[in-house]
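Input: a single structure, listed below in structure tokens.
The values are calculated or read from the model by the stated rules, or taken from the named source; none is laboratory data. Nothing here was measured: the structure is a model prediction, and the numbers come from that model. Reconstructed Cβ throughout: ideal geometry from the backbone, glycine too, with neighbour counts over all protein chains shown. Just so you know, the surface numbers come from the protein's heavy atoms only, side chains and all, with ligands and any DNA or RNA stripped out. Shrake-Rupley method; radii C 1.70, N 1.55, O 1.52, S 1.80 Å.
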2 protein chains.
Amino acid sequence: MRALPQSYHTSQFLNKKSKQNVDFCEEFVREDGSATNLTGVMVSNLTLEDIAEQAGVSRSTVSRVVNDLPNVSEDVRRRVLDVIQQTGYHPNAAARTLASQRSWTLGLVLPQSVFQFFTDPYFPHLTKGIAQACNEHNYTLALFLVSSKEDEKKIFTRVTRKGLLDGVLVQSGHHGDQQIIGHLMDADIPQVVLGRPQHFDNVTFVDVDNVSGAYNAAVHLIRLGYRRIATITGPNLSAVGLDRHAGFTKALNDRGVRLDEALVVEGDFTESGGYYAMQRLLPARPEAVFVASDLMAIGAIRAVREAGLSIPSDIAFIGFDDVPLAATNDPPLTTIRQPVVQFGVRAVELLMDLIENGIHPPRHVIMDTQLIIRDSCGAIRKDLISG
Amino acid sequence: MRALPQSYHTSQFLNKKSKQNVDFCEEFVREDGSATNLTGVMVSNLTLEDIAEQAGVSRSTVSRVVNDLPNVSEDVRRRVLDVIQQTGYHPNAAARTLASQRSWTLGLVLPQSVFQFFTDPYFPHLTKGIAQACNEHNYTLALFLVSSKEDEKKIFTRVTRKGLLDGVLVQSGHHGDQQIIGHLMDADIPQVVLGRPQHFDNVTFVDVDNVSGAYNAAVHLIRLGYRRIATITGPNLSAVGLDRHAGFTKALNDRGVRLDEALVVEGDFTESGGYYAMQRLLPARPEAVFVASDLMAIGAIRAVREAGLSIPSDIAFIGFDDVPLAATNDPPLTTIRQPVVQFGVRAVELLMDLIENGIHPPRHVIMDTQLIIRDSCGAIRKDLISG
DNA sequence: TATGATTGTGGGAGCGCTCTCATGGTTCAT
DNA sequence: ATGAACCATGAGAGCGCTCCCACAATCATA
């Protein structure tokens, strides 16, 4: 067995710095410009000026080299670069931000209504896409997860503060959860909303075409011959929930399929939400269910199994999102794929454009979804029968 | 059906700002101090000085009010506060950071080896805990997801830059993925490592007791009477993987249970990794399997089901993490619970202490795990038999 | 050779705060 | 009455950059 470090046990706590300690730790500056400050933290206080002096040039020239600007002769550039290398100089981000009025930092705000289902694979996935896009363009990403009403206040003031963020991505959440958008407009901070916002149309947003996605899902079920088609919707307070519900309803209307009100149940985008919604749905004996998220679909399937029924032979399912779990679920889940990563990338690009080129009439970008046919809808069985 | 906004279709793209546009947008300053700059973005350029003037006091006094410092008379404080309210003044974060040498921002770095399984519910969960702790202490959280080697370089320079972060949380990743820790030490930036780092013992870290957690899991299986006990480990390149493997091995040794090498397979912490690992394990006919993560356990169970066997009667399972899915899995997963949120909170607290009180000998905090008994281990069945 | 454009370099004025120190007024024990 | 201590306030010097402008040196053009 691999040896563990000696200190491999809890609570090796040490002295908080005592008064005496502070008295003892006088400021002490070394020749190389580094210093030990009063708190005892070593700081390499190198500035542009220090580098300039050591390279025998001016501050301005060093700045040009650091920022890779033209009008610096090759040998000077090389000399400065050498000094920077040797000293391990890093330009100070705050000073740069203050002088240039650009922080190269974007904020991502997830409202309280999203906090609870942040563990839905959709969000980490989205975050990945956004983070990747930020890296590509040399932006830093600041994450604001609103976990409570108190958080919200703090976060609002932090986000609207000048000099911290160049722009903000706001996840559209529930109905009552969108003041942040207004706050940002008041503070004139560039923003892009992720998902259609409900109370603002004068703001740029990116969304997937939830209506047509749901529409296609429902049509798919109708084509497969199902007639008693149910849906577990997202929260009626959210735009996503409403749009997917709308698309579903429209498909049934367009195809002349009767929509029984008992076949519509509201979920909350959680696994257990899907489970309980399905339990309420079971007495109505649906043949097929369109569930507004994969995670809820997984919960719903659990409920069906518990009732001793099987999928898709007794009840067919189609989800929404195409999270990684959908493919490996038992049975593999037919679903509507969202271009999650592309979605994040597009949002970041729009935001960057807003930052660089200033205000323009708000843009609304809607991205397409894709029907992914797997086993849970019974398409394969039906194919065998009809083909 | 709910009416959709008129603009509800794809690609309403608008003019990139033309040359003409730029010429037209001359600088224009209003009386209230706000201005429309060349890029057309409205900026409320209010400064401390502006507020001071309007309130008839000095910059210093306004600063005291804003920062809630003592030595300001009540009526002056009120007057300043009024002006701030009316004007919607927000102090500039960059200026404050530059002057005070504190950014009130923490970084969270997830190395490349973690990027791929960032969608494992463990990480969003951890992120939530960290974000919450940051909010509580009025810190902003910057997220650095390393998605490629090129990203890594960019992120390293960004993270080690002074004036952006007061401190950094680094997720311990694979063996070859820990240079960032060294970089941060070189740059003298306070850091706390999440999980035991492999190449540094002079750094503060928080970890869960993976060894004893795995030990307890294995002991549980032994107590239930299983003897052919297999394990799907985490990557041998990671400390978590090694520690959980170590604890497992130790338990078997301590209890005199023979460990067949054919019963040890390396996984990669993904669902499909668990699936393939289990397929390799099946021919060795294990009675029970300890899987180093819940997500892998879910994959492994899928493989067992596909082979026509059932859980726990044919093969018993125990996972690690206790992600939300574990409880709702079919069958519900017996697992080792990590105090994820508490873990994040503790890490943030340690980091804050490091920032405020300066360097001290590194601390190593190890948190306890908890065995959560559900159905997949067969404990219930065994109880019926033996009880 | 005179003239202007172009390039490399340095100087200086901020960016909007914090923080130390000076100042004058008040309170209170001696 | 005297000075020590304590407040409330303001002035000023940075924090470490960027960016504009001045200037000299070089180059192309007439």
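Here is a yes/no grid of residues against (1) among the aromatic types (Phe, Trp, Tyr); (2) modelled with pLDDT under 95; (3) more than 22 Å from the chain's Cα centre (by Cα):
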| position | (1), (2), (3) |
| --- | --- |
| A:THR204 | no, no, no |
| A:TYR215 | yes, no, yes |
| A:VAL219 | no, no, yes |
| A:VAL240 | no, no, no |
| A:ASP254 | no, no, yes |
**Message:** Can you find, within the stretch B:53-73, the residue that is nearest to B:HIS90 (Cα to Cα) among those that are within 9 Å of DNA strand C (Cβ to nearest atom) and aliphatic (A, V, I, L, M)?
**Reply:** B:VAL66
**Prompt:** What are the residue pairs meeting all of these: first residue in the stretch B:91-113, first residue more than 9 Å from DNA strand D (Cβ to nearest atom), second residue open to solvent by 60 Å² or more (accessible area, probe 1.4 Å), Cβ atoms under 7 Å, and 6 or more apart or on different chains?
**Reply:** B:TRP104/B:ASN138
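Is it the case that A:ARG79 is away from DNA strand D (no atom under 12 Å from the Cβ) and more than 8 Å from chain B (Cβ to nearest Cβ)?
yes
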**Of residues in the stretch A:74-88 being away from DNA strand C (no atom under 11 Å from the Cβ) and open to solvent by 20 Å² or more (accessible area, probe 1.4 Å), the one nearest to the chain's Cα centre (by Cα)** = A:GLY88
**Prompt:** What are the residues in the stretch A:345-367 that are out of contact with any strand residue (DSSP E or B) (no Cβ under 8 Å at 6 or more places or on another chain), closer than 23 Å to A:ASP209 by Cβ and part of a helix (DSSP H, G or I), if any?
**Reply:** A:VAL345, A:GLU349, A:ASP353
**Prompt:** Has the stretch B:205-220 got at least one residue that is open to solvent by less than 20 Å² (accessible area, probe 1.4 Å) and at positive phi?
**Reply:** no
**Request:** Return the pairs, sorted by first residue and then second, in which the second residue is within 9 Å of DNA strand D (Cβ to nearest atom), the first residue lies in the stretch A:59-84 and is at positive phi, the beta carbons are less than 8 Å apart, and the residues are 6+ apart or on different chains.
**Result:** A:ASN71/A:ARG64
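So, in the stretch B:60-73, exactly how many residues are part of a loop (DSSP other than H, G, I, E, B), surrounded by fewer than 17 Cβ atoms within 10 Å (Cβ to Cβ) and near DNA strand D (Cβ under 7 Å from one of its atoms)?
Residues of the stretch B:60-73 that are part of a loop (DSSP other than H, G, I, E, B), as a first pass: B:67-73.
Now narrow it down to the ones that are surrounded by fewer than 17 Cβ atoms within 10 Å (Cβ to Cβ): B:67-71, B:73.
If we keep only those that are near DNA strand D (Cβ under 7 Å from one of its atoms) as well, we get B:70-71, B:73.
Residues meeting the conditions: 3.
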**Request:** Could you check B:THR127 against (1) more than 13 Å from DNA strand D (Cβ to nearest atom); (2) surrounded by fewer than 22 Cβ atoms within 10 Å (Cβ to Cβ); (3) part of a helix (DSSP H, G or I) and say which number it fails?
**Result:** (2)
**Request:** Find all pairs meeting these conditions: Cβ atoms under 7 angstrom apart; at least six residues apart or on different chains; first residue within the stretch B:295-321 and within 11 Å of another protein chain (Cβ to nearest Cβ); second residue at pLDDT 95 or above and assigned to a strand (DSSP E or B).
**Result:** B:ILE301/B:PHE317
**Message:** Would you confirm whether or not the stretch B:92-110 contains a residue that is farther than 20 Å from A:ASP151 by Cα and more than 16 Å from DNA strand C (Cβ to nearest atom)?
**Reply:** yes
**Asked** Are any residues in the stretch A:132-161 of a type outside the set (Val, Ile, Thr) and facing chain B (nearest Cβ under 7 Å), and if so, which ones?
**Response** A:GLN132, A:ASN135, A:ASN138, A:LEU141, A:ALA142, A:LEU143, A:LEU145, A:SER147, A:ASP151, A:LYS154, A:ARG158, A:ARG161
**Prompt:** Which of the residues spanning the stretch B:101-120 are among the β-branched types (Val, Ile, Thr) and either more than 8 Å from chain A (Cβ to nearest Cβ) or closer than 30 Å to B:LEU237 by Cβ (or both)?
**Reply:** B:VAL109, B:VAL114, B:THR119
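To keep it simple, each residue is scored yes or no on (1) within 14 Å of chain B (Cβ to nearest Cβ); (2) more than 30 Å from A:ARG280 (Cα to Cα).
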residue: A:GLY163; (1), (2): yes, yes
residue: A:ASP166; (1), (2): yes, yes
residue: A:PHE200; (1), (2): yes, yes
residue: A:GLY213; (1), (2): yes, no
residue: A:ALA230; (1), (2): no, no
residue: A:LEU263; (1), (2): no, no
residue: A:PHE269; (1), (2): yes, no
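Against the condition away from chain B (no Cβ under 13 Å) and within 38 Å of the chain's Cα centre (by Cα), how does A:LEU98 come out, does it pass?
Values: away from chain B (no Cβ under 13 Å): no; within 38 Å of the chain's Cα centre (by Cα): yes.
In short, no.
For A:ALA52, state whether it is of a type in the set (A, V, I, L, M, F, W, C), more than 14 Å from chain B (Cβ to nearest Cβ) and either in a helix (DSSP H, G or I) or open to solvent by 90 Å² or more (accessible area, probe 1.4 Å) (or both). Quick ask: steps written out before the conclusion?
Values: of a type in the set (A, V, I, L, M, F, W, C): yes; more than 14 Å from chain B (Cβ to nearest Cβ): yes; either in a helix (DSSP H, G or I) or open to solvent by 90 Å² or more (accessible area, probe 1.4 Å) (or both): yes.
Yes; evaluated as a whole, the condition is true for this residue.
Just to check your reading of the model, which residue among A:LEU282, A:LEU259 is open to solvent by 10 Å² or more (accessible area, probe 1.4 Å) and at pLDDT below 95? Steps first, answer last, please.
Working: A:LEU282 fails: at pLDDT below 95.
Every option except A:LEU259 fails the conditions.
Out of all the residues in the stretch A:94-119, which are basic (Lys, Arg) and either surrounded by fewer than 19 Cβ atoms within 10 Å (Cβ to Cβ) or in a loop (DSSP other than H, G, I, E, B) (or both)? Walk me through it before giving the result.
Of all residues in the stretch A:94-119, those basic (Lys, Arg) come to A:96, A:102.
Listed by number, the list holds a single entry, A:ARG102.
When you scan the stretch A:299-312, do you find a residue that is open to solvent by less than 10 Å² (accessible area, probe 1.4 Å) and within 24 Å of the chain's Cα centre (by Cα), even just one?
Our first condition is that a residue be open to solvent by less than 10 Å² (accessible area, probe 1.4 Å); within the stretch A:299-312, this holds for A:299-301, A:303-304.
Checking which are within 24 Å of the chain's Cα centre (by Cα) leaves us with A:299.
Checked against the condition, which is being open to solvent by less than 10 Å² (accessible area, probe 1.4 Å) and within 24 Å of the chain's Cα centre (by Cα), the stretch A:299-312 yields at least one hit.
Kindly establish whether A:LEU46 is more than 30 Å from A:GLN178 (Cα to Cα), hydrophobic (A, V, I, L, M, F, W, C) and more than 15 Å from DNA strand C (Cβ to nearest atom).
yes
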